[in-house]
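The values are calculated or read from the model by the stated rules, or taken from the named source; none is laboratory data. Keep in mind it's a predicted model, so treat the numbers as computed, not measured. Methodologically, a virtual Cβ is constructed for each residue, glycine included, from the backbone with ideal geometry; neighbour enumeration extends over all protein chains shown.
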């Protein structure tokens with residue numbers, strides 16, 4: 001399952017999970033970088049599935065603070081401070097996190113819906129809608145009707161979305177994304193892969209993302225020198241030699 005871009009385009013694959021706070025922050029920072037990239041209209045974005053907790057129950061018990069405290073072996077107060085920090089960083093990117101009402105759970109079905117949205121050209125919109133639902137609205141990821149209603153808001157066919165959740169449609173696509181992540185050695189998200197050659201780990205700054213875009217574009221689209229033309233005069237290095245004029249023919 002490759003993602004090679006057309007000769008005049010570039011493909012950026014981004015692995016993320018719906019419940020990853022740094023993934024949503026990273027999405028905003030990448031979008032800021034892309035907006036400054038001159039070739040942005042020739043960049044194809046592909047969202048890849050990554051489950052941070054693939055064995056999680058449909059709905060996780062307890063509050064997010066309680067789960068963080070248990071996962072990292074810290075106190076509830078320390079977990080609250082962690083949430084406050086990431087909420088502050090998110091606010092700097094224009095995101096309003098409400099982690100106090102976040103209802104975590106298994107994200108497999110959400111990823112399947114994002115794949116389905118991709119068949120309708122709405123993958124990015126669905127990714128955005130589900131992330132916003134989870135981080136700002138307390139969207140219940142275990143509620144199939146709520147998931148369908150959320151993606152329907154961005155134009156995804158609700159009947160088709162419901163049919164997906166009532167079957168195993170796109171399950172293989174989610175697993176293929178995860179296998180592809182393993183092939184690249186990806187163990188955490190967000191993680192962006194540009195033209196299968198450049199990797200960016202984490203929610204980097206827009207400047208880092210922009211630099212990666214520029215490097216990947218230059219590597220995949222090297223400048224071709226016009227053939228059949230003689231070399232013109234040019235400077236190389238700090239000293240520039242001026243060629244002498246060709247001697248005039250002697251008078252008879």
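Looking only at segment 103-143, count how many residues are touching a residue at least 40 places away in the same chain (Cβ under 8 Å), farther than 16 Å from residue 57 by Cα and out of contact with any helix residue (DSSP H, G or I) (no Cβ under 9 Å at 6 or more places or on another chain).
2
Quick one: which helices (runs of 4 or more DSSP H) sit completely within segment 9-107 and have at least 1 residues that are crowded, with 18+ Cβ neighbours inside 10 Å, at pLDDT 95 or above and touching a strand residue (DSSP E or B) at 6+ places or on another chain (Cβ under 8 Å)?
Numbers: elements: 21-35, 64-72, 76-92.
Ranges flagged: 21-35.
Looking at segment 210-232, I want the residues that are under 10 Å from residue 194 (Cβ atoms) and have a partner that is at pLDDT below 80 and buried (at least 16 other Cβ atoms within 10 Å of the Cβ) with Cβ atoms under 6 Å, at least 6 apart or on another chain. Which pairs are those?
Sorted first by the residue in segment 210-232, then by its partner, the list stays empty.
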